[in-house]
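Below you'll find the structure, written out as structure tokens, and then a few comments.
The values are calculated or read from the model by the stated rules, or taken from the named source; none is laboratory data. Just so it is clear, the structure is predicted and the values come from calculations on it, not from any experiment. As a convention, Cβ positions derive from the backbone with ideal geometry for all residues, glycine included, and neighbour counts pool all protein chains shown. Quick note on the areas: whole protein, heavy atoms, side chains included, nothing else; ligands and nucleic acids left out. Shrake-Rupley method; radii C 1.70, N 1.55, O 1.52, S 1.80 Å.
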Amino acid sequence: MRKQLEGSQAVAQAVARCRPEVVCAYPITPQTHIVEALSRLALSGELERCEVVNVESEFAAMSVAIGASATGARAYTATASQGLLFMAEVLFNASGLGLPIVMTCANRAVGSPINIWNDHSDSMAMRDCGWIQLYASDNQEAVDLHIQAFRIAEALSTPVMVCMDGFVLTHAFEPLDVPSQEQVDGFLPGYEPRQVLDPDDPMTIGAMVGPEAFTEVRYLAHAKQIEALDFIPQVAEEFRERFGRASGGLLDSYRSEGAETVVVALGSVLGTLAEVVDELRDQGVAVGAVALKAFRPFPLEELRGVLGGAQRVIVLERALAVGIGGIVSSDVRTALAGLSVEAHTVIAGLGGRAITRRSLHALLAQALAGQLPELHFLDLRTDVIERELERTRDGGRPGPHAESILRDLRIVASGPV
Amino acid sequence: MSTPLPFYQTGTFAVGGRLLDEDDRAVQSDPERSNAITKGHRACQGCGEALGARVVLDAALRAADGRLVAANATGCLEVFSTPYPESSWRLPWIHSLFANAPAVATGVAAALRAKGRTDIRVVGQGGDGGTVDIGFACLSGMFERGDDVLYVCYDNQGYMNTGVQRSGATPPAARTATTEPLGGHSGNSFGQGKSAPLIAMAHEIPYVATATVADLRDLEQKVTRAMSFHGPRYIHVLVPCPLGWGSATGETILIARLAKESGLFPVFEAVEGRITSVARIRHKVAVEEYLRRQKRFAHLFAGDGRPDVLARLQTLANRNIERYGLLDDADEPTDIGLLDALATSERGPV
Ligand SMILES: Cc1ncc(C[n+]2csc(CCOP(=O)(O)OP(=O)(O)O)c2C)c(N)n1
Ligand code: SF4
Ligand SMILES: [Mg+2]
């Protein structure tokens, strides 16, 4: 049954229906509404047999999740941005230990400059931490992905991060269906840990391993994610059969059959992108879009399958790898290796800058005209950049870029421009 | 300690065990005692940490009826006792990272609570670096929330596992790899100190104690006592490190005892934030007695020596003696030459 709900509330309810036994989190915008709602559900007794631990940091949140998961409890946490990076060391540890923790990343930019708005810098920075990373295109998918995430994590004994765009999704109200307890119980069996701290069968978890076995252990982590390339679609398919809607999977192709130009993107921008594709298709332009739902594991073959026929692929990235440009696009280029498909990296929507239909139309027009460079920054104010570079050219102490640029844009009320 | 000992038996380390009631005798002297750590671990000879951890975990296991889970921080203890496939521990054990043992222990405790498993208890542990430095936020959070975890810090006063660097628990004037007595410096600087036990007490947690490996019976009893409480508990054990301290491998116990007898390491216990008992100094020694036996302080005695630095260290000891009432004992046992006995003894019980 669909109800008007905020994305965060719906996700919290969905997580609660997955019957987590330990929820541990530390507040950070824009994740807060999810964990606030979960603590309310636990305190009111609606969520039973669940310990909510208000930890002192994200580092501790993930550490508590590790202890809980290794003791055989279903563990959940949520974070974003600085919080995700503050748990970096523990994220690698959780995946190395093979603990099926589920975490929401309410995607947000990473400072400095400090910025609470949406982009994917946080989860992309944790690209190689060994977690499965799933990206929700909309709030219904965010709800559904959490339910699927516990299934995937526990079946493969590997942690799963569900990424949903901060504010754009977490704080948006829309009619959403949160599956009932019975439905979720029917889909998600109880957690059967692969390794557990049990006095009746004592084992040592997390001990040191030398060069004799380290490569093999790491290889197995990789092999498990490759296995997930088969398993994620199976879970999505089973979900579709039971719940009557398509959610998740590895990727979603939107009108990309026969498209000459295909835009690849992750997260909520897919909504706007689909509209633009529709408008251009109406004009007879052969464009399409592909939503990457799983970024880790990366669906190389599947992507090659949907992109192989295109002439041009544009990877729209909400994160920037300073010093090279794209993050997702490096992987997309690997998928396209050997094919004569032209690939472009477009950095867009950093720190919450809206990716508008108008900008996307302009971008595609530029691409269709053969004028899109290999690396492009969407809506970059080059005039502002020029002036700031001019100001800093003579050395001295021009001060922080962020301040000077805001003054330049006359967004700061007072002070010399 | 329950029964005041009438005297020490000279030349033995049994500390009057046979004169005590059965219940009060050191379990460690019982040939039938349990042993949580099997042979074959890789600690240095005379390692105080290996001894301390064995005694602590044995006592905790006994108190928990064998139903115990340990979460351990990276450090010497982890590295010398667990490398796969030769883990020496006979209890469920998890090592995650250097800084997060208290939080991992919290997670274990939370899971057990959610599952209604009241029969299983949890111990978290780490070295002084893992505890008083990098893991301090996790430890304080665990205390403040009231999580049901006994946390034990094995204090060897430095980052030993990485090659003896200075930690927040390294004493003033000690030489470490990062506090060499060079350029007129006399080893580690004199700061205001960082007493993890006192900070633990400030959290008003149910139980805090300090102990040394010189008095294993006291250590056992403190662990047993700690296990009788629920909620966060903290035990800080001084564990000499022959390698890092430059001490003779056979003198670990002696040195731990001198740390206590000099007043440099006060041994006490506190319930709910108030000190309830103090192990009195039995035979007061000058700090020199303690320092001389360790190469990490050798620069204080080289050439003309550094009487100024020794005086400052003595002041620290005196301050402890006064603050904790370490000498103020009406029933002070008769001194029959404890130190002579210890110093001349050939072998220790390690
Ligand atoms: C985050 C992090 N920083 C540094 C290290 C390196 N490191 C491992 S053990 C250790 C020292 C441990 O010192 P302590 O906790 O006092 O234990 P000890 O070895 O002395 O018993 C250090 C610095 C690490 N493993 N992780
Ligand atoms: S270096 Fe010190 S603490 Fe580490 S094993 Fe050797 S004696 Fe023990
Ligand atoms: Mg140490």
**Report entry** Odd one out for B:Thr74 among (1) in a loop (DSSP other than H, G, I, E, B); (2) surrounded by fewer than 23 Cβ atoms within 10 Å (Cβ to Cβ); (3) within 16 Å of ligand 2 (Cβ to nearest atom); (4) within 14 Å of chain A (Cβ to nearest Cβ)
**Finding:** (2)
Requested in this report: Residue by residue through segment B:88-122, note down the ones that are within 16 Å of ligand 2 (Cβ to nearest atom) and in a loop (DSSP other than H, G, I, E, B).
Outcome: B:Ser88, B:Phe98
Query raised in the report: For B:Val104, are the conditions met, namely being touching a residue at least 12 places away in the same chain (Cβ under 8 Å), more than 8 Å from every other protein chain (Cβ to nearest Cβ) and of a type in the set (A, V, I, L, M, F, W, C)?
Result: no
Query - Enumeration of residues in segment B:139-158 that are of a type outside the set (Phe, Trp, Tyr) and within 15 Å of ligand 3 (Cβ to nearest atom) - result: B:Leu139, B:Val152, B:Cys153, B:Asp155, B:Asn156, B:Gln157, B:Gly158
**Report entry** Lone qualifier among B:Ala298, B:Ala259 - being open to solvent by less than 10 Å² (accessible area, probe 1.4 Å) and assigned to a helix (DSSP H, G or I)
**Finding:** B:Ala259
Query - Residue ID - most open to solvent (accessible area, probe 1.4 Å), chosen from residues in segment B:107-143 that are hydrophobic (A, V, I, L, M, F, W, C) and facing chain A (nearest Cβ under 7 Å) - result: B:Ala137
Query raised in the report: If a residue has to be within 12 Å of ligand 1 (Cβ to nearest atom) and out of contact with any strand residue (DSSP E or B) (no Cβ under 6 Å at 6 or more places or on another chain) to count, how many in segment B:95-125 make the cut?
Result: 5
Query raised in the report: Of all the residues that make up segment A:206-218, how many are open to solvent by less than 80 Å² (accessible area, probe 1.4 Å) and more than 20 Å from A:Leu156 (Cα to Cα)?
Result: 4
Query raised in the report: Taking segment B:79-94 on its own, how many of its residues are within 7 Å of another protein chain (Cβ to nearest Cβ) and farther than 21 Å from B:Arg121 by Cα?
Result: 3
Requested in this report: Would you mind stating whether A:Leu47 is assigned to a helix (DSSP H, G or I), more than 10 Å from every other protein chain (Cβ to nearest Cβ) and either at negative phi or out of contact with any Ser or Thr (no Cβ under 7 Å at 6 or more places or on another chain) (or both)?
Outcome: no
Report summary line: Counting only residues in segment B:98-127 that are within 16 Å of ligand 3 (Cβ to nearest atom) and out of contact with any Leu (no Cβ under 9 Å at 6 or more places or on another chain), the one nearest to A:Pro211 (Cα to Cα) is identified as B:Phe98
Query raised in the report: under 23 Å from A:Val269 (Cβ atoms) and in contact with a Ser or Thr (Cβ under 8 Å, 6 or more places away or on another chain): does that describe A:Gly326?
Result: yes
**Report entry** All positions within segment B:123-138 that are of a type outside the set (D, E, K, R), farther than 23 Å from A:Asp200 by Cα and within 16 Å of ligand 2 (Cβ to nearest atom)
**Finding:** B:Gly126, B:Gly127, B:Gly129, B:Gly130, B:Thr131, B:Val132
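To keep it simple, each residue is scored yes or no on (1) more than 29 Å from A:Ser247 (Cβ to Cβ); (2) in contact with a helix residue (DSSP H, G or I) (Cβ under 8 Å, 6 or more places away or on another chain); (3) within 14 Å of chain B (Cβ to nearest Cβ).
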| site | (1), (2), (3) |
| --- | --- |
| A:Ala207 | yes, yes, yes |
| A:Pro211 | yes, no, yes |
| A:Glu216 | yes, no, yes |
| A:Tyr219 | yes, no, no |
Query raised in the report: What number of residues within segment B:144-185 are away from chain A (no Cβ under 14 Å), more than 11 Å from ligand 1 (Cβ to nearest atom), more than 17 Å from the chain's Cα centre (by Cα) and crowded, with 20+ Cβ neighbours inside 10 Å?
Result: 5
